[in-house]
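The values are calculated or read from the model by the stated rules, or taken from the named source; none is laboratory data. Keep in mind the model is a prediction, meaning the values are calculated, not measured. Here the Cβ is made from the backbone with ideal geometry for all residues, glycine too, and neighbour counts use every protein chain on show. Surface areas here come from the heavy atoms of the whole protein model, side chains and all, with no ligands, DNA or RNA. Shrake-Rupley method; radii C 1.70, N 1.55, O 1.52, S 1.80 Å.
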Amino acid sequence: YLMSQVLLAALGILCTRCATLKVDSSLLPEEHAFFLLQDRVLLEKSTVANKEAAGLHHGNALLDDAGLASKKAAIANEEAAVSHHTNALLTDAELGAKNDVSKKKREASNYGTAAVVAALGVAMMSFGAVSIRRSKREIQQLKEMEEAETTCEKLLNKLKSGEDLPSVVIIKGVLSSSGKDVKAASPHISGLSAKVGTIEQPKNALIEIARAAKRGDDDGKFSSIVEKETGLKPGDIPDVEDDFTSRKVDFKDAGCVLSEILISRLSVFASKEKKDDGPHRKKIVIKRSPRVHSYNVFHARNVSDGLHLTDLQGQQLSLRLPDASIGNLVGLGEPPSLFLTTADTKTEFFNWLRKDGLTIQGQHVDLKDMPPTKLGDPLTMLSQFIFMDFQSETDLGIKANNKALDQLCSAYDRQASKQFLWEPTGFYDMNQSKFPRGATLCTRELVSAEELLRRANKAAEENNKTTEFCEPTFSRGQLPRLRDQENCFRFSELAIPRDSPVTILARPEPDGKGGINLVPPNSAENGKDVADPDAERYRLRILSGYSIENLLKQRDLNIMQYYGLAIVGAFATLWAAAGFQAYQSD
């Protein structure tokens, strides 16, 4: 089920681009004649519907209410007559031929979809394999960086001798600042303070899929396909203990040099499936998977002036952090680096497809214009400086304090207006790229906390009234109660106490005053494109203590996620070959 969920979400993103792919339907020219009759009726229906929706009020071209009703009734009668009279004129043989044509059209559609799914599956396996090999290289490079025991003095000596500085280093020391302490926000806000010390992260679907494959839950069905396509075996994938999803933290609200908040939206993934319901019969089943999509709503940081690292030899290096804001109005953007998140695997995969395209039945499909990825998987966070990570009990946030978002905004010294990202796909049930009928809040933009909650409330009302992901599995009356179970806001906050022992991964650069700055690394190493899964990439990290163990764990978990995606790819190829018998998505 997890694999079908991941695959259907991926297909939803691809559908708007690949729907135009031309696949040979094997229909003979004369077989189109019958469908032209129906097309004329449908066109006239559409014209009248458009007139009605537009509400045109000019001249004799307008039909009044009675005229519209009469016209629509006439069209309905004509449509019924097309089928009735055409069938009456056909011989049994001709009627059978007509049914064969309909069957051929359905088979052609399924064949085209199968071709896309199979190509997508192969691409997932290829991407997963390349990403795993890159991650293993990164692990080796990280170990070598640690073994180099880089200090400020060693970096300055390189400059004096005319050598280039390394593009990225690991350096250990104590994190401090020359400015005043900053405070974390959550311990001082009603509805959040009770959650301080609690870490309850969403489950990571791709890691769960990888674990199941390593256990042999599939009897080797999918892992053997991955091995045949890529050479990767389950034994090549690390085992990582889950000590991060759920845990308790002993947090003391003392003086800090840095605090950072991330608020994300978790939302439902709704889909339709056709299942067998007796001989030659199918039934529609609605699936509503709670809190499996995510996007970042608000991101902010408080940092003390003059933030610096004092290395183990007592020399100071200034530290410049990456930006902390929700400024990307196009796609998801990168996960916040200080939270030490695992890879946003599906977003990386789709970025690669935009770069390289997809080959379907020997035909290359350019995907550069594929819509930006607006929803991803919930992030898995590993930083040991995180002291709170929980999901709100309701769709609209903190039930006991509806001012919590405003208060967080103030605590992080942000103006109340236009700091929260409204992404409508996180609040409506989407049918591929289409909003439910009657949805009015369909534009992505920055808004205030008050406006965000107003929109969330209105979107819930509109969605409950018209979403097509309801009957027959659910009733309209159930949807408002399901809303709180299926959607929420996730609150994650970290803080770094003054004089904490840390290990930093960063790019060193001369500060122009005889010293060294530590700054965010390049988007990808060796001049490569970050969308290339083979390109090593590092981000600025601040690890607790004098060890890179947590950073190596992050890379191991990345490998598990990439392997999970490859397993989904193997599932896709089997699913396509079987004609979608197990999960037929509408």
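Points to keep in mind about this one:
- Conditions (1) surrounded by fewer than 21 Cβ atoms within 10 Å (Cβ to Cβ); (2) within 15 Å of the chain's Cα centre (by Cα): number failed by ARG354: (2)
- Segment 454-481, residues that are in contact with a strand residue (DSSP E or B) (Cβ under 7 Å, 6 or more places away or on another chain) and outside any loop (DSSP other than H, G, I, E, B): ARG455, CYS470, PRO472, ARG476, LEU479
- GLY512 satisfies every condition listed in (1) of a type in the set (Gly, Ala, Ser); (2) touching a residue at least 24 places away in the same chain (Cβ under 8 Å); (3) open to solvent by 10 Å² or more (accessible area, probe 1.4 Å) except (2).
- Only one of the numbered conditions (1) on the phi > 0 side of the Ramachandran plot; (2) in contact with a His (Cβ under 8 Å, 6 or more places away or on another chain); (3) not aromatic (Phe, Trp, Tyr) is violated by GLY191, and that is (2).
- Complete set of residues in segment 285-313 that are open to solvent by less than 60 Å² (accessible area, probe 1.4 Å), over 30 Å from LEU518 (Cα atoms) and of a type outside the set (Ser, Thr, Tyr): VAL285, ILE286, LYS287, ARG288, ARG291, VAL292, HIS293
- Per-region count, segment 338-370, residues of a type in the set (Phe, Trp, Tyr) and in a loop (DSSP other than H, G, I, E, B): 0
- Test result for LEU494, in contact with a Lys or Arg (Cβ under 6 Å, 6 or more places away or on another chain) and either in a helix (DSSP H, G or I) or open to solvent by less than 30 Å² (accessible area, probe 1.4 Å) (or both): no
- Residue in segment 386-411 that is farthest from ILE542 (Cα to Cα), counting only those that are assigned to a strand (DSSP E or B) and in contact with a helix residue (DSSP H, G or I) (Cβ under 7 Å, 6 or more places away or on another chain): THR394
- Extreme residue, farthest from the chain's Cα centre (by Cα), among residues of segment 243-278 that are at pLDDT 90 or above, open to solvent by 60 Å² or more (accessible area, probe 1.4 Å) and acidic (Asp, Glu): ASP250
- The criterion of at least 1 residues that are of a type in the set (Gly, Ala, Ser) is met, among strands (runs of 3 or more DSSP E) falling completely within segment 280-319, by 282-303, 316-319.
- Residue match in segment 462-470 (condition: open to solvent by 50 Å² or more (accessible area, probe 1.4 Å), of a type in the set (Ser, Thr, Tyr) and touching a helix residue (DSSP H, G or I) at 6+ places or on another chain (Cβ under 9 Å)): no
Matching residues to (1) open to solvent by 20 Å² or more (accessible area, probe 1.4 Å); (2) among the aromatic types (Phe, Trp, Tyr); (3) closer than 28 Å to ALA535 by Cβ; (4) in contact (Cβ under 8 Å) with a residue 24 or more places away in the chain:
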position	(1), (2), (3), (4)
GLU138	no, no, yes, yes
MET145	yes, no, yes, yes
ASP181	yes, no, no, yes
GLY197	no, no, no, yes
ALA205	yes, no, yes, yes
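- A count restricted to segment 532-586 and to residues that are on the phi > 0 side of the Ramachandran plot and at pLDDT below 95 stands at 2.
- Residue list for segment 515-545, restricted to those being open to solvent by 20 Å² or more (accessible area, probe 1.4 Å), touching a helix residue (DSSP H, G or I) at 6+ places or on another chain (Cβ under 8 Å) and of a type in the set (Ser, Thr, Tyr): SER544
- Selection within segment 176-214 - of a type outside the set (A, V, I, L, M) and within 24 Å of the chain's Cα centre (by Cα): GLU200, GLN201, PRO202, LYS203, ASN204, GLU208, ARG211
- Beta carbons closer than 9 Å, at least 6 apart along the sequence or on distinct chains, pair a first residue in segment 283-310 that is over 17 Å from ASP323 (Cα atoms) with a second that is of a type in the set (Asp, Glu) and assigned to a strand (DSSP E or B) for LYS283/ASP276; ILE284/GLU273; VAL285/GLU273; ILE286/GLU273; LYS287/GLU273.
- Among the residues of segment 316-368, those identified as at pLDDT 85 or above, closer than 30 Å to PHE387 by Cα and among the small types (Gly, Ala, Ser) are SER318, ALA324, SER337, ALA343.
- Strands (runs of 3 or more DSSP E) fully within segment 172-277 that include at least 3 residues being of a type outside the set (Ser, Thr, Tyr): 256-276.
- Selection status of LEU165, of a type in the set (A, V, I, L, M, F, W, C), open to solvent by less than 50 Å² (accessible area, probe 1.4 Å) and not in a strand (DSSP E or B): yes
- Checklist (1) closer than 30 Å to TRP352 by Cα; (2) at pLDDT 90 or above; (3) loosely packed, with under 13 Cβ neighbours inside 10 Å applied to SER109, failing item: (2)
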